[in-house]
Amino acid sequence: PTGTAMVCFGSMFIELPKAKTREMLRQDQEQLDEEINNLRKELRVKVNRLYEAQGKPELKGFNLNPMSAEEMKLINRIVEG
């Protein structure tokens, strides 16, 4: 895309080329997705340790992974017919 976009950094707005803005947003999203996945993995371990310390059995189905966007699209296609 050509042209510029206004981007908010903290409390100020900066006008940047749309291509540069899109790339920055893509990189930020990739970093956030990675951090979210790491936190999910850590949470599973911590919850299992907590249940073990309480003498409770391990949660069933807690180690499931969320479906990807691609998998969700395929499921939606099947459901919609």
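The values are calculated or read from the model by the stated rules, or taken from the named source; none is laboratory data. Note that the structure is a prediction, hence the values are computed from the model and not measured. Cβ atoms come from the backbone with ideal geometry, glycine included; neighbour counts cover every protein chain shown. Ligands, DNA and RNA are excluded from the accessible area calculation, which covers all protein heavy atoms including side chains. Shrake-Rupley method; radii C 1.70, N 1.55, O 1.52, S 1.80 Å.
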Protein accessible area in the stretch 1-64, 1.4 Å probe - carbon and sulfur %: 57
Sites Thr2 and Met72, calculated FRET efficiency, Cβ-Cβ separation with R0 35 Å, nearest 0.05: 0.60
Correct option for semi-axes √(5λ) of the Cα gyration tensor in Å [calculated from the coordinates] among (1) 39, 22, 8; (2) 50, 31, 7; (3) 26, 15, 11: (1)
Gain upon complete extension [Met12, Leu43; 0.36 nm per residue less C-alpha separation]: 7.6 nm
Within a Gaussian network of the chain (alpha carbon springs, distance under 10 Å), most fluctuating of Glu71, Glu23, Glu34: Glu71
The stretch 4-60: relative contact order as a whole-number percent, Cα under 8 Å and 6+ apart: 17
Cut-off 10 Å between beta-carbons: net charge of the residues surrounding Ala5, Lys and Arg +1, Asp and Glu -1: +2
Å² per residue, accessible surface of the chain at 1.4 Å: 91
The chain - mean residue ellipticity at 222 nm from DSSP helices (-39,500 (n - 2.57) per run, n ≥ 4, rounded to 500): -21000 deg cm²/dmol
